[in-house]
1. Taking the dipole about the Cα centre of the stretch 72-162, with the C-beta of Lys and Arg at +1 and of Asp and Glu at -1, give me whichever of G72, M161, I98 is farthest to the positive side.
2. Show that you can apply the helix-only estimate: for the chain, add -39,500 (n - 2.57) for every DSSP H stretch of four or more residues, divide by all residues, and state [θ] at 222 nm to the nearest 500.
3. Report relative contact order for the stretch 310-468 in percent, whole number only (criteria: Cα-Cα under 8 Å, sequence separation at least 6).
4. How large is the dipole of the stretch 97-173 about the Cα centre if only Lys and Arg carry +1 and Asp and Glu carry -1, each at its Cβ, rounded to the nearest 20 debye?
5. Over the stretch 335-468, with a single point scatterer placed on each C-alpha, what log10 of the ratio I(q)/I(0) does the Debye formula yield at q = 0.09, 0.11, 0.12, 0.13 1/Å?
6. At 1.002 mPa s and 20 °C, plugging the Kirkwood radius over alpha-carbon pairs of the stretch 391-459 into Stokes-Einstein gives what diffusion coefficient in µm²/s?
7. Aspartates and glutamates near K329 by alpha-carbon distance under 13 Å, same-chain residues fewer than 8 away left out - which ones?
8. Would you please classify the overall shape of the stretch 351-418 from the alpha carbon gyration tensor, given that a ≥ b ≥ c denote the square roots of the eigenvalues, rounded means a/c under 1.5, and beyond that prolate means a/b larger than b/c while oblate covers the rest?
Amino acid sequence: MSSHETTPKTANLQWGGRFAEGPSAIMGAINASIGFDQKMWRQDIRGSLAHAAMLAHVGVISAEDERAIRQGLDDIAESIEAGRFGFVESLEDIHMNIEARLTERIGEAGKRLHTGRSRNDQVALDVRLWVRDAIDGLSGQIRDVMRALADRAAEHAGTVMPGFTHLQPAQPVTFGHHMLAYVEMLSRDLSRFADARTRMNECPLGAAALAGTGFPIDRHMTATALGFDAPMRNSLDAVASRDFAAEFLFACAMCGTHLSRLAEEIVIWTNPYFGFVKLSDGFTTGSSIMPQKRNPDAAELVRGKTGRLNGSLIGLLTVMKGLALTYFKDMQEDKEGVFDAAENLTLCLAAMGGMVRDMQPQVDRLAEAAGAGFSTATDLADWLVRTLKMPFRDAHHATGALVAKAESMGVDLAGLTIADMRAVEPRITEDVFNVLSVASSVRSRVSYGGTAPENVARMAAEWQEKLA
């Protein structure tokens, strides 16, 4: 093999004699997909190797031809990996680029490779293999972010912070509990990818153009060789369906949405008016004009890229919604969104894992904020129900009156005197002050899934063990 690959001289004979003069430049540009589908070269070669081995096994091609095909494809893989392969737009796609180069290298044997298959089932296979590989990579990254979150949860199981609804102070929680909420969200993303992988793990190869083939191929052999559970059962469905890609894109979009929510919180928390966490220079940028600025750009970009993930999903659903069976060139539009979503989610997961490990919770500021906004009012209402046996609605009303009194006096609930409280509810005793602190509030939330530090520490340890 030479150290430098040359552009193949082979013309695209797939057009046949009627198209001897070739397409116009515009047609060539809109029709070609090699600019993006070359990303699937590994999958294309892998599928071709399995197909050639099967053809030889059933006697459609000779063992000698299969050996030549295998050696030729191995050489092509090496040249692509080394960056020496010259992709040619006139050959349209990755499939014809590789096949043309193979034929140029090994002659007649290369022309026999396509026996019993079509570009329709070939591309369906390549995309399916690519998505499956992407799922495996993304799943590892999701687990890594979950580990980072679980580690921070264990570290801050007892660090109090404000919990919010409507972005208003609601009840105290712990920072560890907050981190574990995202572990749970990402665990569902992980299961969505796993479910999608299971559903898509059927092999379309051998469906040919749409109707199957008359050659005595062994589809179960190629399915097994390529790591699929079975061949797809209907040749029309095999070439026509891209629901596996749409499901993959939905899982990407949902995961991106979860990352975006955490990114939004990081943006809020790093604002000096909140001051809940700090990020290092590694995940922030400065301003071209304001020297004091530290912008959480990594978080903002994670938040922003979610729009691309959503767009890729909607794009593919829109492409597929009006297509009759089986294959249309519209379906060439399935790939760029899939590639873009996988690559951007990969980047978002890497950035989020880095930020979670990098951010430093400001424990004192979190504790100060945890008590703001009468955040223990619910604890007071619960005390009235528990101790005075008041109906909850009556306790809710009495607590509201006490909050109004404290607000008018410029104090928090613990700042009211027992006389102030008895003016609203005469049966209140000094014991009420035991439930009005932030620490007592979070300690009391011992119900399963609650924010009590002992719960958080136990759940964080469980996740750390699962993710080890």
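The values are calculated or read from the model by the stated rules, or taken from the named source; none is laboratory data. What you see is a predicted model; the values in this text were computed from it and never measured. Quick reminder, even Gly has a Cβ in these numbers, built from the backbone with ideal geometry, and neighbours come from all protein chains shown. Protein only, heavy atoms only, side chains kept; ligands, DNA and RNA dropped before computing areas. Shrake-Rupley method; radii C 1.70, N 1.55, O 1.52, S 1.80 Å.
1. Result: M161.
2. Details: 19 runs with 284 residues, N = 468.
My calculation for the chain gives -20000 deg cm²/dmol from helical runs alone.
3. On the way: 94 pairs, mean separation 25.0, N = 159.
Contact order relative to length: 16 percent.
4. On the way: 11 positive and 10 negative charges, 63 e Å.
For this selection, approximately 300 debye.
5. -0.45, -0.60, -0.66, -0.72
6. Details: Rh = 13.5 Å.
The diffusion coefficient I find is 158 µm²/s.
7. Those aspartates and glutamates meeting the cut-off are E92, D93.
8. Values: a/c = 3.64, a/b = 2.10, b/c = 1.73.
Because a/c hits 1.5 or more and a/b exceeds b/c, the stretch 351-418 counts as prolate.
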